[in-house]
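Structure first, commentary second.
Computed from the coordinates by the stated procedures, all read-outs in this text should not be read as laboratory data. All figures in this text were calculated on a predicted structure; none of them were measured in a lab. No Cβ is skipped: glycine too gets one built from the backbone with ideal geometry, and neighbour counts run over all protein chains shown.
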């Protein structure tokens with residue numbers, strides 16, 4: 001088992017990674033409410049059961065308010081616990097509900113997808129979609145405990161593993177050359193979900209993200225922006241598809257586009273794009289918009305203008321300079337539109 005601990009602002013976040021770590025829940029004192037997807041109900045002893053819809057359709061403000069109402073009706077206090085068990089949707093909506101109920105109830109994240117284990121379950125970002133904008137309503141709220149039980153990976157389809165690996169590749173490209181090399185050398189074992197290999201890559205991803213978040217929890221210092229590599233274009237692709245394209249696949253294409261923009265603008269060393277492409281191809285991830293089906297490029301370009309990193313007529317973007325290093329750059333919106341249109345193949 002891997003154990004990690006990080007002080008983030010006023011909170012201490014603990015993470016435990018390994019097979020069977022759900023047994024740690026027995027140590028919690030007080031009532032426990034379990035938020036989980038309708039399709040997954042583990043055999044856990046809790047006081048309140050709160051199923052939510054699967055997928056992006058579950059990331060709805062009404063769902064979060066429904067959870068709050070159920071907690072109120074059951075008499076939960078700030079000394080009790082909200083357990084968020086599931087993928088990104090559950091982690092986002094349950095985290096948001098936990099942050100607004102009584103100005104904050106104890107939150108325990110239990111990610112069940114690889115994407116949740118390496119990204120959505122860590123860092124304290126919560127949110128729900130609003131209109132056609134992803135995560136437009138949300139908060140920063142840290143879980144006290146993150147339990148990553150790798151036994152959940154046993155039943156995870158290989159395609160779901162690939163989608164989660166996109167976020168791990170992100171860490172490798174901009175933050176962690178050692179992780180990039182580890183992925184390169186162990187790609188077959190990753191896709192076979194080897195216990196030791198998965199525990200290491202998940203632990204490395206959590207360590208990388210917690211380290212960044214501890215320095216810049218609320219994105220005020222220009223450090224946490226690094227975690228958005230691939231997400232400016234990736235989120236635009238998701239929005240253009242009306243959120244039918246899975247996050248990991250959209251981010252995969254987004255990383256290619258943003259690495260190309262970084263090279264074109266002179267911030268990335270020659271060869272960075274090839275390095276990104278090579279690792280994505282090793283894991284069978286998409287690297288062009290054609291692989292995602294019919295996506296209206298003009299809609300993606302419009303979505304870029306709604307990016308939360310936009311300030312005036314520029315968007316702050318993290319560019320890889322070489323594998324394991326990065327630089328934050330303010331990109332004029334017109335420039336971003338032009339490069340993105342070229343990358344996505346718009347006319």
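Listed values, structure above:
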{"read-out": "Residue among 86, 18, 271 with the largest mean-square fluctuation in a Gaussian network model of the chain, springs linking Cα atoms under 10 Å", "value": "271"}
{"read-out": "GNM result for the chain, Cα springs below 10 Å: residue of 195, 92, 60 fluctuating most strongly", "value": "195"}
{"read-out": "Förster-model FRET efficiency, 22 Å R0, residue 290 and residue 185, C-beta, rounded to 0.05", "value": "0.15"}
{"read-out": "Net lengthening on full extension, residue 270/residue 192 (0.36 nm per residue, minus Cα-Cα)", "value": "24.8 nm"}
{"read-out": "Rounded FRET efficiency, nearest 0.05, which uses the C-beta distance separating residue 282 from residue 311 and R0 of 45 Å", "value": "0.80"}
{"read-out": "Chain lengthening between residue 10 and residue 74 when straightened (0.36 nm per residue, less Cα-Cα)", "value": "20.2 nm"}
{"read-out": "Angle in degrees between helix 61-73 and the longest Cα principal axis of the chain, rounded to the nearest 10", "value": "20"}
{"read-out": "Which of 108, 329 has the fewest Cβ neighbours within 10 Å, and the rest in rising order", "value": "329, 108"}
{"read-out": "Relative contact order, percent, the chain [alpha-carbon distance under 8 Å, six or more residues apart]", "value": "15"}
{"read-out": "Between 0 and 90°, nearest 10: helix 195-215 axis offset from the chain longest Cα axis", "value": "80"}
{"read-out": "Cα principal axis extents for region 161-345, largest first, Å", "value": "45, 37, 30"}
{"read-out": "Cα-derived Rg to Rh of the chain, Kirkwood definition", "value": "0.95"}
{"read-out": "Volume of the Cα convex hull of region 56-113, divided per residue and given in Å³", "value": "62"}
{"read-out": "Longest to shortest principal axis, alpha-carbon extents of region 186-290, angstrom", "value": "39, 36, 34"}
{"read-out": "Relative contact order (percent, whole number), region 161-345, Cα cutoff 8 Å, 6+ residue spacing", "value": "28"}
{"read-out": "Å³ per residue enclosed by the Cα convex hull of region 250-347", "value": "95"}
{"read-out": "Fraction in percent of alpha-carbon pairs per bin - 5 Å, region 1-130", "value": "2, 11, 22, 25, 23, 13, 4, 0"}
{"read-out": "Region 200-219 residues near the modelled residue 2 label - backbone nitrogen below 16 Å, point 7 Å along Cα→Cβ", "value": "200-213"}
{"read-out": "Gain in span if fully extended, residue 177 to residue 330, counting 0.36 nm per residue against the direct Cα distance", "value": "52.6 nm"}
{"read-out": "Calculated FRET value between residue 221 and residue 45, using beta carbons and R₀ = 35 Å, to 0.05", "value": "0.25"}
{"read-out": "Fewest-first ranking of 235, 36, using other Cβ atoms within 10 Å as the exposure measure", "value": "36, 235"}
{"read-out": "At 1.306 mPa s and 10 °C, Stokes diffusion of region 301-341 via Kirkwood alpha-carbon radius, µm² per second", "value": "147"}
{"read-out": "CD proxy at 222 nm, helix term only [per DSSP H run n ≥ 4: -39500 (n - 2.57); per residue of the chain; nearest 500]", "value": "-12500 deg cm²/dmol"}
{"read-out": "Packing-based ranking, highest mean first, of 306-318, 94-106 given that Cβ atoms within 10 Å are counted", "value": "94-106, 306-318"}
